[in-house]
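These notes concern the structure reproduced below.
The values are calculated or read from the model by the stated rules, or taken from the named source; none is laboratory data. Keep in mind that this is a model prediction, so the values were computed, not measured. Cβ: placed from backbone, ideal geometry, glycine included. Neighbour counts: every protein chain shown. Ligands, DNA and RNA are stripped out before the accessible areas are found, and what is left, the full protein with its side chains, is counted by its heavy atoms. Shrake-Rupley method; radii C 1.70, N 1.55, O 1.52, S 1.80 Å.
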Amino acid sequence: MPKHYRPPGKKKEGNSAKYSTRTKALRHLQVTLPTFRKLCILKGVFPREPKKKYEGNNKTYYHSKDIAFLQHEPLMEKFRHIRAYDKKIHKAVAKKNDELAKRLRSRKPGYTLDRLVKERYPTFIDALRDLDDCLTMVHLFAALPAVESEHIQVKDIHTCRRLSHEWQAYISRTNKLRKTFISVKGTYYQVEIEGQKITWLTPHALQQVITDDVDFKVMLTFLEFYETLLTFINFRLYQEINVNYPPTLDPRLEALGADQYALSKYIAGSSMVESQAGKVKMTVESELKLAQLQHQLPANEPGALMQLVEGTTGEDNDDEETRECKGLFKDLKIFLSREVPRESLLFAIPAFGGIVSWEGEGAPFQETDDGITHQIVDRPTQGHVFLSREYVQPQWIYDCVNARILLPTDGYMVGRVPPPHLSPFVDNEAEGYVPEYAEVVRRLKAEAKKEVLPMPGLENLDLDDPQSLVAEGIMSRTEAIEIAQKKLKMDELEKQYHEELQKELQKLPYSAAASSKKNVDSIDEEIKDQLDRSAKDVSDMDQIVWTRKQRGLVKAMEMGIEKKAAKVNLLKKRKEHIAKAPASKSS
């Protein structure tokens, strides 16, 4: 009998029982490949990688429990019903019965994904954790043109634009925006809601080109689920700030394309009405509580009554970071020229407490307003210059947002090359290279907060011990030797001075030259031996008892450190090359 013989009727074991190929899953579910893909996307079922691919490496494997999960999905029967209904429409069209085909199209059955959203995300925090791809997809389709050949409908584009504007209006109103970065791909944003950091990418407001190497049918299936998910999240967020959802916009502003400003006005108006109603209700409740508890409180405890009054007043639930973001552009009135990215700035400036307007109809105030403090422009020349305001480039807004302070506008004036736009998503200390402008911004932030900064990287180190500085990678071994030599020489000279002073008091003869030369030679030998000994101890530490896996991990770590050092050296060489370029041009 063969070793792996399985008698007929016996249950499968191992990977063949745990996993199933896509072909077997299609045969088991009795669905087509497009329907299977759609079901997997909507239900969140993805291919798996078994340890042993028992039917070959060119197969796609799914978990058997996931296939059984799809088998009992009510959407499968819905898809079969829709497919049969489409056959009736095609049959009526083939028979040239236009009236019947029109009637059938008007009664075509549909389906909703509300149950799937609740099934995949039991809590609101789970939905927020999985929102990055959702927001990126919605903002992408909001910028795409409607293409009939790729099944991108105008209705989908309008839905994506509406959902993205509703999301941005909530973020601006609640001051949840934390970071922004402009790249070649688009503009990155990061917000923080209920402790969850959400990052997404918005494409630039340019004409998008539809490529042939993208399967838009798969992307539209993802979009179909993401639209339902984002609708749920927007509804929950708007309910938390006491605003009705979906919002009712001003038709005049909506016709002018000022959806973001219309949403901001709607949220502000709704919040004001709710706050006034809440204050009236709170006043009535507080008076009732005071009347009820007046006879219960002791006469000699006025603090208890004051606590009750303070407890009934409204509380500011914003954390310290939100209050800091809310006051960044608090006293600024900013006007946007027509050549700057309007939608991005209309989202970022109000999120940090600023008042903003633009050039065109439906704007809150015009360019001639005397209260404007800054005007965002991106042209070298201006038709009319107002002396009472500052003209800066759009990058100033994003750099101020990332730095959380108002940066000096001298480097961002019109016609000048602005400072480098640094990414807030990069940890410069961890990368080992701190750009020059990042250090300038750090000093400006410390000056604004009236802090005294220590030397970078030396907060928790013993500055008198060169070996600790070498171990932390702050200085090279040569520099450590020089510092140690100077330190030991100073110690020896101090010791020699005390000995000579003692001999002088005892009136004994001494030779200064011989003793100093001997001391210097002994110092050099002692320093080299000590540093060589410490380096050898660090390199040979516990290597004898390391396993093969541990040695491989250490080797991988060393390779990573070497790659990081090579990257830092490349950045330094580029910086030196850029610094030498203006000098060579001037000469």
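Where the accessible area of segment 107-182 is counted over protein heavy atoms with a 1.4 Å probe, how much of it, in %, is carbon and sulfur? Ligands and nucleic acids excluded, carbon and sulfur reach 51 percent. For residue 48, the residues whose modelled amide H falls within less than 5 Å of its own, excluding neighbours fewer than 5 places apart on the same chain, are 61, 62, 63.
Which sequence of 374, 498 reflects their accessible areas, 1.4 Å probe, from the largest down?
Reading off the accessible areas and sorting them downward yields 498, 374.
Packing here is the average count of other Cβ atoms within 10 Å per residue, and on that basis the peptides 87-96, 380-389, highest first, run 87-96, 380-389. Note that segment 134-232 presents 45 Å² accessible area per residue, ligands and nucleic acids not counted, probe 1.4 Å. Our coupling estimate for segment 124-136, obtained by passing each phi through the Karplus curve with A = 6.51, B = -1.76, C = 1.60 and θ = phi - 60°, is 5, 5, 4, 5, 5, 5, 9, 9, 4, 5, 4, 5, 4 Hz, Gly and Pro reported as x. Residue 431: accessible area at probe 1.4 Å, nearest 10 Å²? The value for residue 431 is about 70 Å². The label point for residue 224 and the one for residue 323, both projected 7 Å from the Cα toward the Cβ, are 4.9 nm apart. For segment 306-429, the solvent-accessible area works out to 52 Å² per residue, with a probe of 1.4 Å and every protein chain left in place.
Per-residue surface analysis assigns residue 99 an accessible area of about 140 Å², computed on protein heavy atoms at 1.4 Å probe radius. With the whole protein complex present, residue 422 retains an accessible surface near 50 Å², based on a 1.4 Å probe.
The amide H of residue 200, built 1.01 Å from its N in the peptide plane, has 189 as neighbours under 5 Å, considering only residues 5 or more places off or on other chains. For residue 19, the residues whose modelled amide H falls within less than 5 Å of its own, excluding neighbours fewer than 5 places apart on the same chain, are 64. With both labels modelled 7 Å from their Cα along Cα-to-Cβ, the residue 85 to residue 73 distance reads 1.9 nm.
Sorting 42-54, 163-175 by average packing, meaning the other beta carbons within 10 Å per residue, from highest down gives 163-175, 42-54. Considering every alpha-carbon pair of segment 40-125, the percent of pairs per 5 Å bin, from zero through the bin containing the longest distance, is 3, 11, 15, 13, 13, 11, 11, 10, 6, 4, 2, 0.
What the phi angles of segment 229-241 give under the Karplus curve with 6.51, -1.76 and 1.60, with θ = phi - 60°, is a coupling list of 5, 5, 5, 4, 5, 4, 4, 5, 5, 5, 5, 5, 9 Hz, glycine and proline written as x.
A simple rule links phi to the HN-Hα coupling: the Karplus curve 6.51 cos²θ - 1.76 cosθ + 1.60 with θ = phi - 60°, which for segment 20-32 gives 9, 6, 5, 5, 5, 5, 5, 5, 6, 7, 6, 10, 7 Hz, with x for Gly and Pro.
Ranked by the mean number of other Cβ atoms within 10 Å of their residues, highest first, the peptides 348-355, 225-232, 366-373 fall in the order 348-355, 225-232, 366-373.
Kirkwood hydrodynamic radius for segment 129-191: how many Å is it when counted over pairs of different Cα atoms?
It is 12.9 Å.
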